[in-house]
Every structure is written in structure tokens, then in C-alpha cells.
1. Write out the GluC sites (Glu not before Pro) in the stretch 364-422 meeting two conditions: DSSP loop, and at most 15 other Cβ atoms within 10 Å of their Cβ.
2. Could you give each residue of the stretch 197-203 its phi-based ³J(HN,Hα) in whole Hz, using Karplus coefficients 6.51, -1.76, 1.60 with θ = phi - 60°, and x for Gly or Pro?
3. Is the shape of the stretch 113-186 rounded, prolate or oblate, going by the alpha carbon gyration tensor and its root eigenvalues a ≥ b ≥ c, with a/c under 1.5 for rounded and a/b larger than b/c for prolate?
4. Given an 8 Å cut-off on Cα distances and at least 6 residues of separation, report the relative contact order of the chain as a percent.
5. Roughly what % antiparallel, to the nearest 5, for the DSSP beta bridges in the chain?
6. According to a simple spin-label model (label point 7 Å from Cα along Cα-to-Cβ), what is the distance in nm between T23 and V173?
7. Where a ≥ b ≥ c are the square roots of the eigenvalues of the C-alpha gyration tensor, would you call the chain rounded, which needs a/c under 1.5, or, failing that, prolate if a/b is larger than b/c, or oblate?
8. So, counting K/R as plus one and D/E as minus one, what does the shell of residues with Cβ under 11 Å around G397 add up to?
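Just so you know, all these numbers are worked out from the coordinates, no wet-lab data involved. Keep in mind the model is a prediction, meaning the values are calculated, not measured. We place every Cβ from the backbone using ideal geometry, glycine too, and count neighbours over all the protein chains shown.
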Amino acid sequence: MSDLYVPLSDQYILPLNKEIGATLCDDPDGPCTYLCGNSLGLVSKLSTARVQEELSAWTARGVVGHFSHPHKRPWVSYQDNAHPYLGELVGASEQEVACMSTLTANLHLMMNSFYKPTLNRYKILCEARAFPSDQYAFASQALSHGLDPSDAIIEVTPRDGEYSLRQEDIFAVLEKEGPTIALVIFSGVQYYTGQLFHIPSITRKAKEMGCICGWDLAHAIGNVPLSLHDWDVDFAVFCTYKYLNSSPGGIGGLFIHNKWNNEYTPRSAGWWGHELPTRFEMPPDFRPITGAHGFQQSNPSILAIAALLGSLETFKEAGMIPAIRKRSIKLTGSFEALLKKSKFFVPASDASKATKPSFTIITPEDPESRGAQLSLLFLPSNTGIMRKVFDGLVERGVIGDEREPDVIRLAPAPLYNSLADVENAVNQLDLVMATL
Ligand SMILES: *Cc1c(COP(=O)(O)O)cnc(C)c1O
């Protein structure tokens, strides 16, 4: 039997069918088929334990816990427990990452520091249909510099009839418009299509053209291998509640390449970025910690980091990204093969011709150009089929995530999903489609 039938870790707790509204399920007390770790990862046993420890420490010691902690994790430097793991996940030293705040807030912070438009070089290059929060951030940043977003933001769009971006098209824009571009910022893994961009090549090209290059790694961290330091990325931001299973709205993070350490980088400073030895003397002058930690602002939510920490320890036990990615490629590959055998599957090239209820896959076929997620596009377009399929899947205990008008995203998470989950998802999908 394939080892893909056994999850990589038994340290996660899956929601039960009866809890998620799976009314058409034979086994209400059994675990649901959860393929939504790209949106909100599941809770690990260690996350529950770490959060409970902090609640107990707070109960027992109150403010004393900041410096004297029953588990030797004083709150004054609690986030430092997460930094080595986060550094390993993004391919950076622990000084190059900071566990703080939330993704969109960190994106603004990094743009405040690194997006410095001048008269001639002021544009932002990004992907069309970036995650809405990122689009709002880019536009509002342009506005805050007195720029017109419709002029300052260049979006690269897939070719007609295609869903993912071609790197050559990104390069063509960079070559043509490079001298006017201040900042190149893409998502590592596109949230809608699941496309994984070739981060080192795009970063290299952006640098050649004299641009700053940042990345939004919301869907990449914990999902695909990253070597941000070696790839010479300037900065990156991420959330941790997707593949990193850190709890709803969990704490975010950022990466800043240590080449910036020697230059004063303008920043939106706060006291948690001030050197620890003198922080509590409350001096009037800000003396930042060297590296990404000097960008910290507030004392962070200990409960949020505790939940993350339990998950990161579970990642470590499972062998981190090398083991996780290896399994992920097999699991998503098997999922794709099963979907393509469905009688409702049509190739993307035939999508526009579809007249009967059917689906295609808009995620790139090359495993090197995607992470765990597959995005299914339901056809014919704009006929409400996706909504019916989505509701039908939930009734049958399969949790994915819908994007209006026509897409359902399904992501086998290698840590807690198995081949049985993807087989069941395809079987249930066929059953639902047959009722339409
Ligand atoms: C999930 C996601 C977000 C969410 O931002 P928050 O600030 O964490 O709410 C933003 N951007 C991208 C690309 C995402 O995938």
C-alpha cells in the first residue's frame, strides 16, 4: 500500500463531519475531508498545548511572566522562539526574519521602508488579480505618494485563453519598463491559480533592472522550498495561518535581507524594535536591533505565537520542507491524475467550448510551478455551477474553498491529508456533478 495513505503527522486534529454541516455523510462522527489548508490550516496537538501553557503561565505569574517564565520562554523575547523555524522555512538566518503583526500590515510597513518612488522611477510591477488586500495596499501606497494608481501600477496579465502568467511576459515588461519601476512585488504562489512563480529568476531580473524586489509569501511559506537570502530577495511578508496552521488570523511575519543591515533603512519604528538591553529604560532615542528584529513595533500576542510555535515544532518533527514538499508533490500529483480521469474533466484548452457541467484545472501542470493547491474552474462559466458543487461537497464532508464566480480551490496538506482524502474528494465531486 502506498505510504501516501498515511498522513505525514498524526499530530493534527481534524474537524468532524457533523460539525461542518455534512448532512449527506454516512459517518457523522468521522473526520471530514479537509482540503482547505491553503486558506486556514488545522490545529496541531502541540499548538493546543503551547497555548494552554501560556494561559497557565499568565494565570500563575501575571506580569512576572515577561521575565520569569515556568517554561523558560519569557514573554519579553517569546517571538525569538519562532525565529529559527521561520528562518529555516524561508531560507534565511533568524536575524533576517521577524515574527510580528499581520500580513497586510507588514506589507505596508515594508513598502513604507522599501517603496521610494522618484520622479522617473516610481512604478510598482505586480500580477493582475493579486489578492485584493495586496491590490488595495499597492494602490493606497501609490496614492500616499501623490501618484495615480492607474499610472503607477503595472499589472502583468495572462495571455488570452491562459490562466497562469508566463515568465517571459513578466521579463518583457521588466525589460521595457524597468527604468520606471521602483518595486517589483509578486506573490510566491498565486492564491487564485496556485501558480508558483520562479522567485530566483524574477528577483534576478528585477535587480538587473535596478528595482527593489519583494514577495508576498502567504501561500508559499510552509508549502514550497524557499531560499530568500541566497536568491537576494530584498524583503518578503507572510501570514502563518494557511500552510503554517497558526490559528485564524494568527501572527504574521517578514523577511529583510541582511544586506540592508549596513544601511539605515527608514522604518515605522516601535519599542519592540529597540535593543533589548536598554528597551525598558525607556530612552527617548530609538536604537534598533540589527536586522529584521529592528522592524518590530509592538509587544506581540503571546497566545498567537504560542499557537504558531506548536505548529512549527510539529513541522520540525515531520522533517520540515524537504520531507513535506516531497510528499506534497506526490499527493497533489495523484490528486491531479484522479481528477483528470473524472468524466466531468475537460482540458483547459477546451474550456470555452464546454456546454455541459464540467470542470478544468487552471493550476500549472508542472509540479515545479505549483504548490499543494489545485484550482478547479467550473464550466460553463457564470452559470452558478461552482456554487452548487461547493455546497454539494460540504454536504458530503469535503471542505475546499470557493472563489466566485467559478473556482474551487482544493489543497491536500501533506502533514494531515492522505491519498484517501483526495480519492474521496474526487469520488464525491463526481457524485455531485452527476446530480447537476
Ligand atoms: C491570505 C492572503 C492575505 C491575507 O492578508 P491578512 O493581512 O493576513 O488578512 C493577503 N495577501 C495574500 C496574497 C494572501 O494570500
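1. Values: sites: E365, E368, E395, E402; in loops: E365.
In loop regions of the stretch 364-422 (DSSP not H, G, I, E or B), the sparsely surrounded GluC sites (Glu not before Pro) are E365.
2. With coefficients 6.51, -1.76 and 1.60, one gets 7, 7, 4, x, 5, 5, 4 Hz.
3. Values: a/c = 2.35, a/b = 1.42, b/c = 1.65.
It comes out oblate by the Cα gyration axes.
4. Working: 874 pairs, mean separation 100.7, N = 436.
After rounding, I find 23 percent.
5. Details: 23 of 42 bridges.
Within the chain, antiparallel bridges account for around 55 percent of the total.
6. 4.5
7. On the way: a/c = 2.17, a/b = 1.22, b/c = 1.78.
Since a/c reaches 1.5 but b/c is at least a/b, the shape of the chain is classed as oblate.
8. Working: positive: K18, R396; negative: E19, D26, D27, E395, D421.
Taking every Cβ under 11 Å from that of G397, the sum is -3.
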